[in-house]
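What follows is a set of notes on a single structure, which appears directly below.
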Amino acid sequence: MTRLFARLLVLAAFASPALGEEPAADPLTQEARAAQNLAIASAVQAQLLACWRLPSGYEGKAISVRLAFLGDGTLDGDPYVVPESLRTAGKYPVLMTSIGEAVERCLPFAGLEALGAEAGERFDITVHFQS
């Protein structure tokens, strides 16, 4: 049986201070921040993997989706298909529906603040859904 998996590539993660506020000094080293971001991305990956149900007959397909979320686990905007996956996404709407349902089932992503994410901190990742 084909094992399902989703891989995340952390493209960028940054904090957005409220208007008029000075950004707080980051007490983490660059390496520690990178490790923290990887842990947060891995947590989201694990949750999405657990939520995704590959429709029968769609084995061997891959679609990459970009999404942004906040440290409290809520989405920040709508996820979208990356340009490289648009052709596949257009050919397989049932597969796209399964990905959208996985995101909805997983929201809000849990446990991110325990990994060091702050409620207003924004993360931008690409998720590669493939089987």
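Quick note: the coordinates plus some simple rules give every number you see, no bench work behind them. Everything numeric here is computed off the predicted structure, so don't read it as measured data. Here the Cβ is made from the backbone with ideal geometry for all residues, glycine too, and neighbour counts use every protein chain on show.
What do you reckon, is Ala39 crowded, with 19+ Cβ neighbours inside 10 Å, hydrophobic (A, V, I, L, M, F, W, C) and outside any strand (DSSP E or B)? So Ala39 fails the test.
Hey, could you check region 90-131 for residues that are over 11 Å from the mean Cα position of the chain (by Cα), among the hydrophobic types (A, V, I, L, M, F, W, C) and farther than 19 Å from Cys51 by Cα and say which is surrounded by the most Cβ atoms within 10 Å (Cβ to Cβ)? Step by step, filter region 90-131, then rank; the result is Ala117. Residue pairs whose Cβ atoms lie under 8 Å apart, separated by 6 or more positions or on different chains, with the first residue in region 39-58 and farther than 14 Å from Gly71 by Cα and touching a residue at least 24 places away in the same chain (Cβ under 8 Å) and the second aliphatic (A, V, I, L, M) and surrounded by fewer than 17 Cβ atoms within 10 Å (Cβ to Cβ), are Gln47/Ala110; Leu49/Leu4; Trp52/Leu4; Leu54/Leu4; Pro55/Val94; Tyr58/Val94.
Scanning region 42-80 for residues that are β-branched (Val, Ile, Thr) and surrounded by 15 or more Cβ atoms within 10 Å (Cβ to Cβ) turns up Val44, Ile63, Val65. The set of residues in region 82-121 being touching a residue at least 40 places away in the same chain (Cβ under 8 Å), farther than 14 Å from Val44 by Cβ and not β-branched (Val, Ile, Thr) consists of Leu95, Ser98, Glu101, Glu118, Ala119, Gly120.
So that you can scan it fast, the table gives a plain yes or no per residue for (1) over 15 Å from Leu112 (Cβ atoms); (2) out of contact with any strand residue (DSSP E or B) (no Cβ under 7 Å at 6 or more places or on another chain):
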position	(1), (2)
Leu28	yes, yes
Glu31	yes, yes
Gln45	no, no
Leu48	no, no
Trp52	yes, no
Tyr58	yes, yes
Leu67	no, no
